[in-house]
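Chemist: Here it is: the structure, laid out below.
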Amino acid sequence: MAEHDAEAFHFPERHDPIPELTDEVDRLWNEGQHRSALDTILRFLRTNGKSATAFEWALPLLRNTRKPDVNITEPITPQQLGNPYFAPIATECSRCVNFWYSAHVLRKDYAGMTIFNPIGQQCPVCRYTLCRTCFTPQDARCPEPGCSGELGVPVLPTGRPRGMPANPHTEKLEHVLILWRDTPTTREEADELLDLACTGQDRGGIIVRSQVSQAGERASYGEEEQLGLVLVGLYERHGTISEGGLRDRTRVVLIDSPGRGRRLVLVTAAPATGTASQLSGPIKYFLSDEPDAEGPDTPSPRRRWFRRKT
């Protein structure tokens, strides 16, 4: 593997088609619904993991953002452009860590081709990459110490290290707790936060809880983090999280949500063995005061931990 593509997805020479994905994305593409097309690809990636077919469809969509087109009724969003699920096919500048999506990987005829004013250039030996701003045309030598290559095209994916999962303890997750202020978390936003905090990790059967933060307005990040960890400990004590989840397998991610305020995401990985490691099925969402069960005998919604008395 090249020095500067440790997080990149390497496309195989051949791969099996996925008609159910291809047909839906192709339809949405032709109807100008690019945002919905990318959402369809994201749903597939969340469920099935990395896929050459999914990434092949995603790359042209992610690159089609520079010129307005009246035929595109649903342009893609900045949130989609930065979604960590697309990190494996992104190209990141080795100097300034700006990133973009290059379609060069989808073509096989770049040998001897000259591209004027490219977005960036890359070393074919180690994949050291510089964006247009950081590249100096007068010196095409690769800046990587000991590398004899020269920067040029094609530019292939390098992956994006900031797209790495928050909790690498295991690839399987067990529990996610979201603490919010001011604006409650919706199902749609919860999915976005999971993408940011839990990229590429198996979520099948996990519980996602969203609760208002009870930390005071002047509480520091550290104080709010400690409160969140106390909540994780309580859920572990009540058997929602398996033993050792708080001590060994929980990580905290601070995410600023534009227009919605700060979110604190506490990600608990599943243990390597035991019941939690075998979780499967859909994600269970308990947002705000929603009850933990459904049905005619469901008790009234549980109050949040540490809710102040009125």
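The values are calculated or read from the model by the stated rules, or taken from the named source; none is laboratory data. Because the structure is a prediction, the values reported are computed rather than measured. We place every Cβ from the backbone using ideal geometry, glycine too, and count neighbours over all the protein chains shown.
Chemist: From the list LEU196, LEU266, which residue is modelled with pLDDT of 95 or more, within 22 Å of the chain's Cα centre (by Cα) and surrounded by 20 or more Cβ atoms within 10 Å (Cβ to Cβ)?
Modeler: Numbers: LEU196 fails: modelled with pLDDT of 95 or more.
Step by step, each of LEU196, LEU266 is checked, and only LEU266 is modelled with pLDDT of 95 or more, within 22 Å of the chain's Cα centre (by Cα) and surrounded by 20 or more Cβ atoms within 10 Å (Cβ to Cβ).
Chemist: Can you tell me which of LEU196, LEU151 is under 20 Å from GLU92 (Cα atoms) and touching a Pro at 6+ places or on another chain (Cβ under 7 Å)?
Modeler: LEU196
Chemist: Which strands (runs of 3 or more DSSP E) sit wholly inside the range 87-192 and have at least 1 residues that are farther than 30 Å from VAL212 by Cα and hydrophobic (A, V, I, L, M, F, W, C)?
Modeler: Where strands (runs of 3 or more DSSP E) fall fully within the range 87-192 and carry at least 1 residues being farther than 30 Å from VAL212 by Cα and hydrophobic (A, V, I, L, M, F, W, C), they are 129-131.
Chemist: Provide a single number: the residues in the range 29-59 that are over 12 Å from TYR85 (Cβ atoms) and touching a residue at least 24 places away in the same chain (Cβ under 8 Å).
Modeler: Counting residues in the range 29-59 that are over 12 Å from TYR85 (Cβ atoms) and touching a residue at least 24 places away in the same chain (Cβ under 8 Å) gives 13.
Chemist: Inside the range 38-60, can you point out the residues that are of a type in the set (D, E, K, R) and in a helix (DSSP H, G or I)?
Modeler: ASP39, ARG43, ARG46, GLU56
Chemist: Of all residues being aliphatic (A, V, I, L, M) and not in a strand (DSSP E or B) in the range 201-222, which is nearest to the chain's Cα centre (by Cα)? Just the residue, please. Explain how you work it out, then say what you get.
Modeler: Restricting attention to the range 201-222, the residues satisfying the condition of being aliphatic (A, V, I, L, M) are 206-208, 212, 215, 219.
Those still in the list that are not in a strand (DSSP E or B) too: 206, 215, 219.
Details: ILE206: 17, ALA215: 27, ALA219: 28 Å.
The qualifying residue nearest to the chain's Cα centre (by Cα) is ILE206.
Chemist: Which count do you get for residues in the range 84-132 that are among the hydroxyl-bearing types (Ser, Thr, Tyr), more than 30 Å from ASP191 (Cα to Cα) and modelled with pLDDT of 90 or more?
Modeler: Taking the range 84-132 as the starting set, the residues that turn out to be among the hydroxyl-bearing types (Ser, Thr, Tyr) are 85, 91, 94, 101-102, 110, 114, 128-129.
Narrowing further to those that are more than 30 Å from ASP191 (Cα to Cα): 110, 114, 128-129.
Still in the running and modelled with pLDDT of 90 or more: 128-129.
Adding up the residues that qualify gives 2.
Chemist: Here is a follow-up. Residue by residue through the range 260-273, note down the ones that are in a loop (DSSP other than H, G, I, E, B) and either free of Cβ contacts under 8 Å to residues at least 12 places away in the same chain or over 20 Å from GLU217 (Cβ atoms) (or both).
Modeler: Hits for the range 260-273 are ALA270, PRO271, ALA272, THR273.
Chemist: How do the pairs read when you match residues in the range 148-168 that are free of Cβ contacts under 8 Å to residues at least 60 places away in the same chain with residues anywhere that are surrounded by fewer than 17 Cβ atoms within 10 Å (Cβ to Cβ) and of a type in the set (Gly, Ala, Ser), using Cβ under 8 Å and keeping only pairs 6 or more apart or on different chains?
Modeler: These pairs meet every condition: GLU150/ALA140; LEU151/ALA140; GLY152/ALA140.
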